[in-house]
Amino acid sequence: MAKLAELLGAKLVGKEGEVDTATALADKKCVAIYFSAHWCPPCKGFTPQFAEWYTKDLKDKGMEVIFASSDKTEDAFKEYYGEMPWLSLPYSDRAKKDELNKKYKVEGIPSVVILGPDGELINKDGRKALSDDPTGEDMPWKARTFAEVFAEAKLVGPGGIEKKGSDLLGNTVLGLYFSAHWCPPCRGFTPKLAEWYNSDLKKKGLEVVFISSDRDEAAFKEYAAEQPWWALDFADRKLKDKLSNIFKVQGIPSFTIIDKDGSVITDDGRAALSGDPTGENFPWYPPPVANLKSGPGKINEVSTLIAFCETCDAATQKAIQAAMEPLATKLKDAAKAKGEDDPEVAFTIATEGGGISSKLHSMLELAALPPSKHEHPLEKSERANGWGCDGCGQSGQGKDRYRCDACDFDFCGDCQSKVGEVVSLPPKLMIVDIPDDGAYYEGPEGDVTEAVIQQFVDDFTAKKLTRKQLG
């Protein structure tokens, strides 16, 4: 119980007042943290059900629930907690609630996270586990790993040959291709993927499994016939749903790359393959230090240290990246050793102005940069409605528009006029912590060394830095 007490705080709130965490949770088989709020309609619908399940079966079977309130006032918390039959975090300890919110990446409420008696994570989707098994027959609802789920899969290959998922596990890098015949972007991507696979990627060691979101088996068969790889048996809709849930697939086409040990290499495999269709960087392990020019990465999900050095020369940028890599690699390896997908802090470098970099300069109140020159000539366009500038990130309404139709790229008149301006700024370190309700922390500028980076991260994790709010 010591780890749970450390995780949840020494004291909890019960119906009779304050209780000792270790004593209250002694001998419990599992603990559910219930993230919820009085103002949230889905929460108001789920709470009475959860309370009934807890009172009727789950409490007697060894489960305890801890309410983590997202209510806006203590009075609202008290009113809502009055409807609940379990324990709660003290409402006054907002820091602890925010810490748990961030730790378990709670993106919406109601959410239930289930922990074991030693504080180990058992299931992040406890709400679904409870809804599927409200009497607790399978308590504590240990989430099955991808390997456990996929081993049972029936796979169908070209010509009707069959395999089990277990035949591929451990032997090859897997690409799980979530797609459907009815989806226009899928139909555009599939022929390209098939060409890359046949030309290079299969020989490099990539095996692909099509996981269909088609609406009937006839559409599935027609679509699968165009694909030169394996497909999950269409009849197993439950397994398809399990795989979609494991990898949080929210839209298609989606391509997740799985390493031989069953760990996720990247859930943005579509971008990885599109940027390297011949597989020169197979199996596309994400670099320890990402670059903003390739996209935002996981900045919305993980505390991220960014080195802004857009106006520095190439040698300086290379030296800064090299200084970041040792700690970035160390934190990634530590996360993987603990079975976690993401490091405590991610690392990104900004080497070009425009796009995401320019937006972050504005949000972090950094000096504005002139936009980088686009790779193609831009022509003035008379299409004036419904566009945004890719330089400053602002709405283009009422502004001159300079456009590249080939890239779907636009500059407003101001950005177009600033292209080529010479600005010199020293390198600047910042930590962006969007999961903490849009926080950021200002770091040093000037020489960026391993020691400077280590100290900045140490101060961040020790909570010694001044928290600021993103604009």
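The values are calculated or read from the model by the stated rules, or taken from the named source; none is laboratory data. Being a predicted model, the structure only gives us computed values, none of them experimental. Using ideal geometry, Cβ is built from the backbone for each residue, glycine included, and neighbour counts are taken over all protein chains shown.
Could you list, in sequence order, the residues of the stretch 177-205 that are among the hydrophobic types (A, V, I, L, M, F, W, C) and farther than 20 Å from residue 233 by Cα?
Within the stretch 177-205, 189, 193, 196, 201 meet the criteria.
Across the stretch 368-393, the number of residues qualifying as more than 13 Å from residue 418 (Cβ to Cβ), of a type in the set (S, T, N, Q) and surrounded by 15 or more Cβ atoms within 10 Å (Cβ to Cβ) comes to 1.
Against the definition (surrounded by fewer than 17 Cβ atoms within 10 Å (Cβ to Cβ) and assigned by TED's automatic domain parsing to the domain that holds residue 299), how does residue 329 come out, yes or no? Steps first, answer last, please.
Details: surrounded by fewer than 17 Cβ atoms within 10 Å (Cβ to Cβ): yes; assigned by TED's automatic domain parsing to the domain that holds residue 299: yes.
When the stated conditions are applied, residue 329 passes them.
Of the listed requirements (1) assigned to a strand (DSSP E or B); (2) buried (at least 19 other Cβ atoms within 10 Å of the Cβ), residue 19 misses just one: (2).
Check whether at least one residue in the stretch 138-154 is closer than 30 Å to residue 58 by Cβ and among the basic types (Lys, Arg), and report yes or no. Within the stretch 138-154 (the criterion being closer than 30 Å to residue 58 by Cβ and among the basic types (Lys, Arg)), the answer is yes, since at least one residue qualifies. Of all residues in the stretch 307-326, those that are outside any loop (DSSP other than H, G, I, E, B), touching a helix residue (DSSP H, G or I) at 6+ places or on another chain (Cβ under 7 Å) and buried (at least 18 other Cβ atoms within 10 Å of the Cβ) total 3. The residue that is nearest to residue 66 (Cα to Cα), counting only those in the stretch 121-137 that are in contact (Cβ under 8 Å) with a residue 40 or more places away in the chain and part of a loop (DSSP other than H, G, I, E, B), is 125.
Considering the stretch 338-381, and only residues there that are among the basic types (Lys, Arg) and touching a residue at least 24 places away in the same chain (Cβ under 8 Å), the residue that is nearest to residue 404 (Cα to Cα) turns out to be 373. Summed over the stretch 387-411, residues that are in a strand (DSSP E or B) and aliphatic (A, V, I, L, M) total 0. Among the residues of the stretch 229-258, those that are surrounded by fewer than 14 Cβ atoms within 10 Å (Cβ to Cβ) and either in a loop (DSSP other than H, G, I, E, B) or touching a helix residue (DSSP H, G or I) at 6+ places or on another chain (Cβ under 9 Å) (or both) comprise 235, 245, 248, 250, 251. Selection of the stretch 155-196 for residues being more than 16 Å from residue 228 (Cβ to Cβ), buried (at least 18 other Cβ atoms within 10 Å of the Cβ) and among the aromatic types (Phe, Trp, Tyr) yields only 178. When the residues of the stretch 162-176 are filtered to those that are among the hydrophobic types (A, V, I, L, M, F, W, C) and assigned to a strand (DSSP E or B), the one that is nearest to the chain's Cα centre (by Cα) is 176.
Quick grid of which residues meet (1) assigned to a loop (DSSP other than H, G, I, E, B); (2) touching a residue at least 40 places away in the same chain (Cβ under 8 Å); (3) of a type outside the set (Ser, Thr, Tyr); (4) touching a strand residue (DSSP E or B) at 6+ places or on another chain (Cβ under 6 Å):
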| residue | (1), (2), (3), (4) |
| --- | --- |
| 32 | no, yes, yes, yes |
| 55 | no, no, no, no |
| 64 | no, yes, yes, yes |
| 77 | no, no, yes, yes |
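Does residue 400 meet the test of being surrounded by 14 or more Cβ atoms within 10 Å (Cβ to Cβ), out of contact with any His (no Cβ under 6 Å at 6 or more places or on another chain), closer than 17 Å to residue 295 by Cα and of a type in the set (D, E, K, R)? Against the criterion (surrounded by 14 or more Cβ atoms within 10 Å (Cβ to Cβ), out of contact with any His (no Cβ under 6 Å at 6 or more places or on another chain), closer than 17 Å to residue 295 by Cα and of a type in the set (D, E, K, R)), residue 400 does not qualify.
Here residue 425 meets each of (1) under 23 Å from residue 318 (Cβ atoms); (2) buried (at least 18 other Cβ atoms within 10 Å of the Cβ); (3) of a type in the set (A, V, I, L, M); (4) at pLDDT 90 or above with one exception, condition (2). Filtering the stretch 337-361 to residues that are loosely packed, with under 14 Cβ neighbours inside 10 Å and assigned to a helix (DSSP H, G or I) leaves only 337. Applying the condition of being among the β-branched types (Val, Ile, Thr) and within 31 Å of the chain's Cα centre (by Cα) to the stretch 40-93 and asking which residue is farthest from residue 132 (Cα to Cα) yields 73.
Kindly indicate the residue of the stretch 138-153 that is part of a loop (DSSP other than H, G, I, E, B) and among the small types (Gly, Ala, Ser) and also modelled with the lowest pLDDT among those meeting that condition. Give the derivation first.
Looking only at the stretch 138-153, we keep the residues that are part of a loop (DSSP other than H, G, I, E, B), and these are 138-145, 151-153.
Adding the requirement that they be among the small types (Gly, Ala, Ser) leaves 143, 151, 153.
Numbers: 143: 84, 151: 94, 153: 95.
Out of the qualifying residues, it is 143.
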